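**Student:** After the structure tokens below, expect a handful of questions from me.
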Amino acid sequence: MHLVRTGHTACAICHIPSTGTTTVNKFIRILWQTALLFAIYQGSLWVVRVTGIPVPANVLGILVLFCLLLSGVIKEHHVNEAATFFLKHLVFFFVPVAVALMNWGEVFYQYGWVLLAAIVVSALLPLALVGRLAQYLQKRKDRCSN
Amino acid sequence: MQQLTLFFYIAFTLGVYALVRFLYVRSKNNPLFNIVAVSAAIIIAVLLACGITCEQYEPAKDIMTILLGPATVGLGLPLYRYRKLLRQQAGCIAMCVAGGALLAMFSAALIAQWGGLPHDVVMSIMVKGVSIPFAIEITGMYGGIPPLAAAFVVATGTFGSLVGSWFLTRVGVANPLGRGLALGTVSHAQGTAVALMEGEEQGAMAGLAMILAGIFTAAFAPPVVWVLQLLS
């Protein structure tokens with residue numbers, strides 16, 4: 001992970017200087033930053049519920065954090081450690097989610113091969129298309145600008 | 001007693017995750033030790049062997065995924081760090097993700113339709129490339145089954161994260177931008193999580209692709225449904 005950056009700045013929100021990078025200090029900072037991320041997510045949930053816009057709360061939350069960072073309301077070091085930690089372990093959350101697939105075993109059993117083909121083909125084709133196309137376009141653009 | 005079993009489920013899930021992650025890192029990121037697929041398979045096998053149903057495991061799942069929302073919001077940070085690349089490649093990114101989302105919808109729905117699946121299952125599988133809240137929203141509008149759509153979303157995400165990195169290398173995509181966009185477009189947050197393990201740029205691009213794929217899928221749904229009706 002390249003996200004890890006040991007900051008030597010003081011955290012403006014929790015007023016804990018991070019120069020003494022003890023584990024306890026770091027833990028407290030992560031807690032604070034998690035609370036901040038949690039607040040952004042809850043705010044997004046609320047907005048989605050009240051306005052009824054057809055956008056998932058987590059997507060809105062990403063855009064909100066992005067805009068807050070762009071506008072400078074939130075600085076990178078206000079969320080850096082918690083975001084780094086959670087993104088590093090983002091796969092963990094999908095373990096219990098994937099366990100729920102066991103309930104749908106019968107549907108998959110019933111339509112087995114067709115579903116398998118549909119899922120495999122519709123994953124591999126776009127993977128190749130998007131990957132190759134993006135690579136091609138970026139190379140061409142780089143050549144043009146040089 | 002109930003709290004105790006709940007605690008046990010969570011501790012067990014964490015333990016399996018830690019073990020598989022350790023093996024994955026130890027084996028120098030061998031795709032065979034795909035964290036989500038292998039961990040889930042082990043847990044499902046143990047639950048089945050002990051006669052525990054998915055409903056009994058559900059409360060533990062709900063507790064463990066409380067932080068999924070806030071954790072996903074954290075993607076705003078890598079997106080912000082790569083804002084320059086994002087501005088430079090805006091057109092390329094939009095075009096690639098739009099093409100990928102369209103191809104994913106068409107190929108999935110067409111195969112399902114040709115395979116003789118009922119209409120509601122076809123409508124559920126059509127939206128499988130986006131994150132669950134998007135999928136539930138879109139599939140409901142076209143007569144799909146939301147919980148089934150959610151299951152397809154998870155199946156696609158798990159499959160994409162299982163073979164995605166390996167397959168991209170096989171088809172010769174080395175460019176981090178391309179790898180990230182592809183993983184995010186096809187396998188939403190699960191692909192993004194895998195992209196993040198490859199590197200920060202891949203992760204940022206995957207997160208962006210996931211957002212765009214959701215929006216494009218919602219926008220493309222009406223014409224895709226129309227063409228499917230013509231072909232049926």
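The values are calculated or read from the model by the stated rules, or taken from the named source; none is laboratory data. Keep in mind the model is a prediction, meaning the values are calculated, not measured. We place every Cβ from the backbone using ideal geometry, glycine too, and count neighbours over all the protein chains shown. For accessibility, only protein heavy atoms count, side chains too; no ligands or nucleic acids. Shrake-Rupley method; radii C 1.70, N 1.55, O 1.52, S 1.80 Å.
**Student:** Roughly speaking, to the nearest percent, how much of the protein assembly as shown's 1.4 Å accessible area is carbon and sulfur? Walk me through the numbers before you get to the answer.
**Tutor:** On the way: 11630 of 16970 Å².
It is 69 percent, rounded to a whole number.
**Student:** Cα-Cα pairs above 39 Å in the protein assembly as shown: how many percent?
**Tutor:** Working: 9701 of 71253 pairs.
Roughly 14 percent, once rounded to a whole number.
**Student:** Give the dimensionless ratio obtained when the Cα radius of gyration of chain B is divided by 2.2 N^0.38 Å. Mind showing how you got there, number by number?
**Tutor:** Values: Rg = 18.5 Å, N = 232, 2.2 N^0.38 = 17.4 Å.
This ratio for chain B stands at 1.06.
**Student:** Going highest first, how would you order B:169-179, B:60-70 by mean Cβ packing within 10 Å? Kindly include the intermediate steps, with their values, before the conclusion.
**Tutor:** Details: B:169-179: 19.0, B:60-70: 17.4.
In descending order of packing, they fall as B:169-179, B:60-70.
**Student:** Another question about this same structure. What ³J(HN,Hα) values, in whole Hz, does the Karplus curve 6.51 cos²θ - 1.76 cosθ + 1.60 give for segment B:18-27 when θ = phi - 60°, with x put for Gly and Pro?
**Tutor:** So the Karplus estimates, Gly and Pro as x, are 4, 5, 5, 4, 4, 4, 4, 5, 4, 7 Hz.
**Student:** Enumerate the calculated ³J(HN,Hα) couplings along segment B:192-202 in order (Karplus 6.51 cos²θ - 1.76 cosθ + 1.60, θ = phi - 60°), each rounded to whole Hz, writing x wherever the residue is Gly or Pro.
**Tutor:** 5, 4, 5, 4, 5, 6, 6, x, 5, 5, 4
**Student:** Let me ask another. For chain B, modelled as a Gaussian network with Cα springs under 10 Å, which listed residue fluctuates most, B:132, B:111, B:35?
**Tutor:** B:111
**Student:** Using only helices, what value at 222 nm comes out for the protein assembly as shown when you add -39,500 (n - 2.57) per DSSP H run of length 4 or more and divide by the total residues, to the nearest 500 deg cm²/dmol?
**Tutor:** Working: 18 runs with 299 residues, N = 378.
Calculated mean residue ellipticity at 222 nm is -26500 deg cm²/dmol.
**Student:** Once you keep just the Cα pairs under 8 angstrom separated by 6 or more residues, what percentage relative contact order results for chain B?
**Tutor:** Details: 280 pairs, mean separation 43.8, N = 232.
In percent, rounded to a whole number, it is 19.
**Student:** In Å², and per residue, what accessible area does segment A:100-146 have when probed at 1.4 Å with the other protein chains present? Walk me through the numbers on the way to the answer.
**Tutor:** Details: 2910 Å² over 47 residues.
Accessible area per residue: 62 Å².
**Student:** Please give the per residue volume of the convex hull enclosing the alpha carbon atoms of segment B:1-137, rounded to a whole number of Å³.
**Tutor:** So the per-residue hull volume is 188 Å³.
**Student:** Here's another thing I want to ask about it. Using θ = phi - 60° and the Karplus curve 6.51 cos²θ - 1.76 cosθ + 1.60, what whole-Hz ³J(HN,Hα) does each residue of segment B:65-77 get, with Gly and Pro shown as x?
**Tutor:** 9, 3, 8, 4, x, x, 5, 5, 4, x, 4, x, 5
**Student:** Calculate, for residue B:30 and residue A:116, the FRET efficiency according to 1/(1 + (r/R0)^6) with r their C-beta to C-beta distance and R0 22 Å; round to the nearest 0.05. Don't jump to the answer; show the numbers that get you there.
**Tutor:** Details: r = 23 Å, r/R0 = 1.06.
Computed FRET efficiency for residue B:30 and residue A:116: 0.40.
**Student:** Now for a different question. If amide hydrogens are placed 1.01 Å from N in the peptide plane, which non-local residues have theirs closer than 5 Å to the one on residue B:128?
**Tutor:** The answer is none.
**Student:** Considering only B:92, B:112, B:37, whose Cα is most displaced toward the positive end of the charge dipole of segment B:1-160, charges sitting on Cβ of Lys, Arg (+1) and Asp, Glu (-1)?
**Tutor:** With unit charges placed on the Cβ atoms, the residue in question is B:92.
**Student:** Once B and A are treated as a pair rather than alone, how much accessible area drops out, both sides summed, in Å² to 100, probe 1.4 Å? Show your work: numbers first, answer last.
**Tutor:** Values: alone 12860 and 11850 Å², together 16970 Å².
In total, chains B and A hide about 7700 Å² from solvent.
**Student:** In this model, which of A:75/B:84; A:139/B:84; A:139/B:28 are farther than 19 Å apart at the alpha-carbon? Intermediate results must be reported in sequence, preceding the final value.
**Tutor:** Details: A:75/B:84 17 Å; A:139/B:84 17 Å; A:139/B:28 29 Å.
Listed pairs above 19 Å: A:139/B:28.
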